[in-house]
Amino acid sequence: MSTIADEVENRRTFAIISHPDAGKTTITEKVLLFGQAIQQAGTVKGKKSGQHAKSDWMEMEKERGISITTSVMQFPYAGKLVNLLDTPGHEDFSEDTYRTLTAVDSCLMVIDSAKGVEDRTIKLMDVARMRETPIVTFMNKLDRDTRDPFDLMDEVESVLKMDCAPITWPIGMGKEFKGIYHLLKDEVVLYQSGMGHTIQESRVIKGINNPELDDVISEYAEELREQVELLEAGNSFDKQAFLDGKLTPVYFGTALGNFGVDHILDGLVEWAPAPMSRETTTRTVESKEEALTGFIFKIQANMDPNHRDRVAFMRIVSGKYEKGMKMRHVRVGKDVRISDALTFVAGDRSKVEEAYPGDIIGLHNHGTIQIGDTFTQGEELKFSGIPNFAPELFRRIRLKDPLKLKQLQKGLMQLSEEGAVQVFRPLRNNDLIVGAVGTLQFDVVAHRLKAEYKVDAVYEPISVATARWVECDNATTLQAFRNKAYDNLALDGSDNLAYVAPTMVNLQMTQERHPDVRFRETREH
Ligand code: G4P
């Protein structure tokens, strides 16, 4: 085997998907604790004590207690190198989250065991399914009163249409949470409360029929044996079904108590796929190919006030990145020498010497890189499947100080480039229309314009219902359409033509009148 094949085998790249408050941030901290990227997990409780989870970067996140940015963390675990891509938790940031899911090979789904399967989890699972991403499930918060574990699994099966194979099984819950039984290892791992900030040496009792178990957990031992008998009638773990996204291994525990998180990591490292191949518009690129290829799934500005630049996040698909190497920026048609790519250890940035498939590297971006761009060692390729979604909410943005128009335009273009918001410039006037998928995006943009570009901007309502990207193969037809629909046409942040519809009825009528023009709800980068 070549080194690249070894490095591929050695890596796992995943993201956590969950409904807000299910425990994603808490799990991320504990995962990093195991990865020893940080010594002592700062707790989410820190909102009160002044400590913050290391995966939360921006000031606003701290103020609001939500993760806005997608951070990337790499750490060693059980002989493998794990890349964890953090996804924004708030529903307003769905676009970024969707694109992040194009850059991973598996997902950890976290469910609040008191609540079960919630909306946002359903939506994210739909996205994860587009690529049949394997899913590992964690039923969290067993230290509280939760729903019946059999019910929880039934709900996953019926709502998410995925078979469940429990790998661990909870013993008791809430104040009576005793620990878990590991079905594959036939051992009970006992839970101790109040140890969440550490890596615990848990007491393990081998064998479900071990009399020691009756001494330690008394009446729960018999109940456990009965439940495990029932489980034997259900699904057992099948690796192929997992890899096909049809079956999910299920674990139980408490992220806050740092109990069960290592079981999930063990499962991910053992079963989740190594960095996989990816489709381009012309061929499939295998991860073990020697030549470097990668795609940009996210651009982010000013992540750290000390580094006032923009960073493009590239998922390496094949080959090897080496410091100082030349890469071809395919869309632009230029070769660029990259000597200062970044890697991310939960917010601390460091320079990468080399990186392999599955790794994420950060490229300094001076405005030439866009989401969806492909980099290669010369081959003309374009990775497919990285979407932009039509915004659903629109506002006109106006300056308090009209002399700052240049800064406003620059700021909006950069923010749209990184996917924080979408910008539309009507052909007929100088308005700047901001389009978002969720309302919080507007606040974030105003806040960042002020903090990063020193621009005070306000929003005004505008009667726009939706936008569609316009495409037409025939230049004459397109020109005729442009003349007819001129008043409702605009250019987006990347100069693509879009139809900005005042009402849905208007859109429908326009579509009927121009059957040869395509009105697209998503634009592939
Ligand atoms: P998120 O990123 O998915 O939004 O969730 P996050 O980890 O921030 O967790 C949401 C809340 O749930 C936090 O409490 C967190 O402490 C709590 N939590 C996470 N895992 C567990 C668990 O296993 N058991 C229990 N009992 N609670 C858990 P909060 O009150 O919203 O935050 P804070 O005020 O304590 O900081």
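Taken about its Cα centre, the chain carries a charge dipole of roughly 2680 debye when the Cβ of each Lys and Arg holds +1 and the Cβ of each Asp and Glu holds -1.
Can you tell me the dipole magnitude for segment 403-525 around its Cα centre, using point charges on the Cβ only (Lys, Arg +1; Asp, Glu -1), in Debye to the nearest 20?
Values: 15 positive and 16 negative charges, 67 e Å.
Its charge dipole is roughly 320 debye.
Dipole orientation for segment 210-320: of the candidates Gly234, Val311, Ser287, Val311 has the Cα lying most toward the positive pole (charges on Cβ; Lys, Arg +1; Asp, Glu -1).
When only C-alpha pairs under 8 Å and at least 6 residues apart count, what is the relative contact order of the chain, in percent? Relative contact order here is 13 percent.
Grab the Cα-Cα distance for Val228 and Ser158, subtract it from 0.36 nm times how many residues apart they are, and report the gain in nm with one decimal.
23.1 nm
The stretch between Lys400 and Gln192 holds 69.2 nm of extra length on full extension. This uses 0.36 nm per residue minus the Cα-Cα distance.
In segment 78-158, carbon and sulfur make up what percent of the accessible area (probe 1.4 Å)? Could you put the intermediate results ahead of the total?
Values: 1140 of 2590 Å².
Its accessible area is 44 percent carbon and sulfur atoms.
Placing unit charges on the Cβ atoms of the charged side chains and taking the dipole of the chain about its Cα centre, the candidate lying farthest along the positive direction among Met276, Thr522, Gly333 is Gly333.
Assign one of three labels to segment 189-315, namely rounded, prolate or oblate, based on the Cα gyration tensor with a ≥ b ≥ c the square roots of its eigenvalues; rounded applies when a/c is under 1.5, prolate when it is not and a/b is larger than b/c, and oblate otherwise. Intermediate results must be reported in sequence, preceding the final value.
Working: a/c = 3.72, a/b = 1.75, b/c = 2.13.
Oblate, because a/c is 1.5 or more while a/b does not exceed b/c.
Which aspartates and glutamates have a Cα lying under 17 Å from the Cα of Lys410, excluding residues fewer than 8 positions away in the same chain? Correct list for Lys410: Asp309, Asp401, Glu418, Asp431, Glu452, Asp456, Asp492, Asp495.
So what's the net charge close to Leu491: Lys and Arg +1, Asp and Glu -1, counting the other residues with Cβ under 13 Å from its Cβ? Each step should come with its number before you reach the end.
On the way: positive: Arg425, Arg428, Arg482, Arg523; negative: Asp431, Asp492, Asp495.
Once all neighbours under 13 Å are counted, the net charge is +1.
Between the C-alpha center of segment 108-162 and that of segment 235-261 there is a gap of 10 Å.
Summing Lys, Arg as +1 and Asp, Glu as -1, what charge do residues with Cβ under 9 Å from the Cβ of Gly435 carry, Gly435 excluded? Can you show the working numbers first?
Numbers: positive: Arg395; negative: Glu392, Asp492.
Result for the local shell: -1.
The simple Förster model, with R0 at 51 Å and r as the Cβ-Cβ distance, assigns Lys326 and Lys175 a FRET efficiency of 0.25.
Determine, for each peptide in 514-521, 12-19, 325-332, the mean count of other beta carbons within 10 angstrom over its residues, then list the peptides with the highest first. Working shown, then result.
On the way: 514-521: 14.8, 12-19: 24.5, 325-332: 17.0.
For the peptides 514-521, 12-19, 325-332, the packing ranking is 12-19, 325-332, 514-521.
Counting only aspartates and glutamates at least 8 places from Lys185 when in the same chain, those with an alpha carbon closer than 15 Å to its own are Glu232, Asp262, Asp266, Glu270.
The residues of the chain have, on average, 43 Å² of accessible surface per residue, using a 1.4 Å probe with all protein chains present.
Take the solvent-accessible surface of the protein heavy atoms, probe 1.4 Å, and return the percent of it on segment 205-311 that carbon and sulfur atoms account for. That fraction is 48 percent. For the chain, the percent of C-alpha pairs falling in each 10 Å distance bin, counted from 0 to the bin holding the largest distance, reads 4, 18, 26, 25, 16, 8, 3, 1, 0.
The values are calculated or read from the model by the stated rules, or taken from the named source; none is laboratory data. These numbers were taken from a predicted model, which means no experiment stands behind them. Please note: Cβ atoms are built from the backbone with ideal geometry, for glycine as well, and neighbour counts cover all protein chains shown. Remember, those area values only see protein heavy atoms, side chains included, never the ligands or the DNA or RNA. Shrake-Rupley method; radii C 1.70, N 1.55, O 1.52, S 1.80 Å.
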